[in-house]
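Chemist: Quick one: this structure, given as structure tokens, is what I'll be asking you about.
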Amino acid sequence: MTKRFADFKSVTLSIAIFSILFILQGCVPPANQNQSANTNANISAPTNANANVNSAPKAEAKTVAPEQAVTLPVLNAMFSEENFAQQLKDQVQLSDEQIAKLKTASEESIAKLDENANANAEQRSTRAALEDSIKQVGAIVGNDKSAKFFEFVKQHSAEQTAQTQEQKPGQIPSDTRVVVNAPAYRMDLFQDGKLVKSYKIGIGYPEFPLPQGMRKANTIIFNPTWTPPDEPWVKGKVQPGKKVEAGSKLNPLGPIKIPIGSPSLIHGGKVPARLGTFASHGCVGLTNALVQDFSVELAKISATNLTLQDVKEYEKKKTETKNLPLKTPVQVELRYESIVATADGKLTIYRDVYEKGTNTEENLRKVLDANGVSFDQLPQDLKTKILDGLNQMAYNALGKKVEADSDTNSNKNKNSNSGSVTKTLKGKSQIAFDIAELKGKGYPIAVNINK
């Protein structure tokens, strides 16, 4: 999905560096830039020095937490939607000037990143990108409106449901749906509660994290076109705004794209080496062969007529775009579970690549408890090894310790004005332990993965 941002824009979003659509980080100075010492506390002007000091905690109380925000590239993708700016005016009560500054900030954030930068270029983490977004948005719209702004944007970008909030760790669906677990780089298709097929996938770069929540797949689009955004990363290969035809070698979307709600897609165009790692700007990436196979399986669980032979026929007509509506829309659940118990008796801990602070003893106990296993009843040597593994996996993609408090995050002070996307993981991606008590319990093991 190294170009999914590009795809994004094709689908109504546009962001980042390879070609698919989405991007993050940006930087627009506050209107009152000369008073930078006070802009972070954009609340009320104190009348004396003591009041100024005392007001700081109140300003902090109104600060948006990273998990409540979205990155500037995601915002940039949304601005390509026809009615998005008007919705910000109507529902968040932003002025035209504020909207213009937000758009500029999101565009500038994209210009600062270079997917093909050399290895010495600065790379950023997910948390740093979110903190940057919070800071920039707060400076533009004010702290009082920041929370309302991000709430609207997150609702716009993902159809979050109470179901995802209430379910147990590793819960097995009882219905028909697609489940994507980003830290595991895995996508599963369930039909009536039974796992029928698994895929190893590429996920969004840490700077362009795959979102969470419930989405829906309504249409399979064969031979999609791509409209390049007017961004520096296009680098003269194509003309911004000029449609790149389906089948073109310059089209990064591959033979098929499946929109799953802005700003994400499931699409092809990836090389095998990008599966099981970072590969896109907020999308689920597959090779061309796998996305064709996935389309057939998706159609099957949605009661839509589509055979592999049909797909091959579409492939022969590379320049003809074909939209195939699914007879029954399929839910797509985007999860972020870095601790997973599986039915083969294994407990796997994945790297916290998006810095969500999930690799904690508390979450470990929840996963085991959900499967009827008590951590305290395990042998002491096994408990020690598991806790050590938990600590090893509590690092981000850059190999830096994930801090529970964003204010102490090791990437907080990084310069956000330059850098490259993080394409590789430094260190181990996962660690697994055999726990006999988990046999026959937990999430299903992969079925026919990437076959």
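A short reminder: the numbers here are calculations on the coordinates, not readings from a lab. Every value quoted in this text rests on a predicted model; they were computed, and no experiment measured them. Positions of Cβ are generated from backbone atoms using ideal geometry, with glycine treated the same way; all protein chains shown enter the neighbour counts.
Chemist: Pairs 257/312; 103/423; 243/316; 154/194; 366/439: which are spaced more than 22 Å apart, C-alpha to C-alpha? If you can, show how the numbers build up before the last one.
Modeler: Working: 257/312 15 Å; 103/423 26 Å; 243/316 20 Å; 154/194 31 Å; 366/439 17 Å.
As for pairs spanning more than 22 Å Cα to Cα, those are 103/423; 154/194.
Chemist: Sticking with this structure for a sec: Give me 198, 106 ranked fewest to most by other Cβ atoms within 10 Å of their Cβ, as a rough exposure proxy.
Modeler: 198, 106
Chemist: Another one. Just rank 426, 441, fewest to most, by other beta-carbon atoms within 10 angstrom.
Modeler: Exposure proxy ranking, most exposed first: 426, 441.
Chemist: While we're looking at this one, here's another question. Using only the Cα atoms of segment 170-335, what do you get for the radius of gyration and for Dmax, in Å?
Modeler: 15.5, 49
Chemist: Then there's this: Please arrange 245, 297, 107, 362 by how many other C-beta atoms lie within 10 Å of their C-beta, fewest to most.
Modeler: The order, fewest Cβ neighbours first, is 362, 245, 297, 107.
Chemist: Shifting gears a bit: Net charge around residue 346, counting only other residues with Cβ within less than 13 Å of its Cβ (Lys, Arg = +1; Asp, Glu = -1)?
Modeler: -1
Chemist: Relative to the present Cα-Cα distance, how much length would full extension add between residue 343 and residue 168 at 0.36 nm per residue of separation?
Modeler: Here the answer is 61.4 nm.
Chemist: What full-extension length gain, to one decimal in nm, is calculated for residue 273 and residue 67 as 0.36 nm per residue of separation minus the Cα-Cα distance?
Modeler: 71.2 nm
Chemist: Okay, next question. Starting from 0.36 nm per residue, how many nanometres of slack lie between residue 433 and residue 365 once their C-alpha separation is accounted for?
Modeler: Value of the extension gain: 23.0 nm.
Chemist: Which distance in nm do the two modelled labels at residue 90 and residue 218 give, with both placed 7 Å along the Cα-to-Cβ direction?
Modeler: Here the modelled spin labels are 1.7 nm apart.
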